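These notes are about the structure you will find just below.
Nothing in this text is a laboratory measurement; each read-out follows from the coordinates by a stated rule. Remember, it's a predicted structure, so these values are computed and weren't measured experimentally. Every residue, glycine among them, receives a Cβ derived from its backbone with ideal geometry; neighbour counts consider all protein chains shown.
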Amino acid sequence: MTTAFENKRFLFVTGKGGTGKTTVTAAIALQLAANGQRVLCAMCQARERLSSLLDGPPIGDQVIEVRPGISAVNMNPDSALEEYGRMVLKLRTFYRAVFENNLVRAFFRATPGLNEWAMLGKAWYHTTEKRPDGAWKYDTVIVDAPATGHGLDMLREPKVIVDVAPPGLLRREATRAWKLFSDPSHAGIVVVTLPEEMPVTETFDLLEAIEGELKLPVTQIVVNGVLPSLLSPQERAVLLAAPEIRRTTAGDEGLAAGVRRARRETIQKENIERLRERARTPMSALPHLFDEVQTIEPVRVLAGYLR
């Protein structure tokens, strides 16, 4: 079955902190790898938990294979800048002259936004790598991006370079990257949220910045942690509206639990409807798993829902 993520060379997963971006990244990677694609997951200076979600070895600042079809790297600005420099400049002697010069390195560290571009540029560059047979080294690169504000700063950086940097290597590479990021047939942003008021409100702000300001394509909104509906609309209405029931909940734990569940289901329903009404992007809903997602088996369950 074709999914929204197939045929994408580049995916950028972002959203409010705590919504499950890394879990969604792992689920997308499993889904694509199961369809025979080679995937690279690129984290951005993250607290590393992707290895446990994919049942693989610890992931550091060098690309490693964590399971068949899936490689990963946990980028940090210094190593990303050095590796990106080596990949772009090609010649080792030229690289040393530029990147191993103390004055140049101090300039790079003091340049606003360069850390973000170093990591994003490195992730993009991996989309250009080819195998000896001419096939892409990675069919899809997935960036497990920082939370909303920092994620937006990272997305803005190549556009800033394209708009203000003088002609040269940096602007040329940023232009190539921006061309890919802007192409909805080969790239897209995945926005992860929860069915709650604050994450959904922040999602609207994020979508406005991505689609309105940056004019970048959003491939999918993933609503994570969706509870199954145990109560009918009529049952929720009774539990939430009847004064005599509200007065008796203090002495009846079962009834109190029912009221709490009715409130939560109502909030969830209202916020999913808000997303459907205002967002123009396809949505996927991932169920709330009552056991904490720490291993590959629950991630496989979630990957099935992304189909």
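Could you tell me which of the pairs Lys8/Lys137; Lys16/Lys122; Lys137/Lys215; Lys8/Lys159; Lys122/Lys179 are separated by over 22 angstrom between their Cα atoms in the structure shown?
As for pairs spanning more than 22 Å Cα to Cα, those are Lys16/Lys122; Lys137/Lys215.
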(message) Tell me the net charge near Val160. Cut-off is 11 Å between Cβ atoms, Val160 excluded, with +1 for each Lys or Arg and -1 for each Asp or Glu.
(response) -1
(request) Please list, or write none, the aspartates and glutamates whose alpha carbon is within less than 14 Å of the alpha carbon of Lys21, excluding same-chain residues fewer than 8 places away. (result) Glu48, Asp144
(message) At 222 nm, what value in deg cm²/dmol follows for the chain if DSSP H runs of at least 4 each add -39500 (n - 2.57) and the sum is divided by all its residues, to the nearest 500?
(response) -15500 deg cm²/dmol
(request) Compare Arg47, Arg280, Arg176 in a GNM of the chain, Cα atoms joined below 10 Å, and give the one with the largest fluctuation. (result) Arg47
(request) Just need log10 I(q)/I(0) for the range 145-275 at q = 0.12, 0.17 Å⁻¹, Debye formula, equal scatterers on the alpha-carbon atoms, no solvent, rounded to two decimals. (result) -0.62, -0.91
(message) Given a Förster distance of 45 Å, report the FRET efficiency between Arg280 and Val238 from their Cβ-Cβ distance, rounded to the nearest 0.05.
(response) 0.80
(request) From the C-alpha gyration tensor of the range 9-89, pull out the three semi-axes of the equivalent ellipsoid (sqrt of 5λ each), sorted largest to smallest, in whole Å. (result) 20, 16, 13
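Would you kindly state how much longer the chain becomes between Glu213 and Glu129 on full extension, computed as 0.36 nm times their sequence separation minus their alpha carbon distance, in nm to one decimal?
27.3 nm
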(message) Along the Cα→Cβ direction, 7 angstrom out, place labels at Glu292 and Arg260. What is the inter-label distance in nm?
(response) 1.9 nm
(message) How charged is the neighbourhood of Ile221? Take every other residue with its Cβ under 11 Å from the Cβ of Ile221, and add Lys/Arg as +1 and Asp/Glu as -1.
(response) +3
(request) Go from 0 up to the bin containing the longest alpha carbon distance in the chain, width 10 Å each, and give me the % of pairs per bin. (result) 6, 25, 31, 20, 10, 5, 2, 0, 0
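Tally Lys and Arg at +1 and Asp and Glu at -1 over the other residues with C-beta under 12 Å from the C-beta of Ala135: what net charge comes out?
+1
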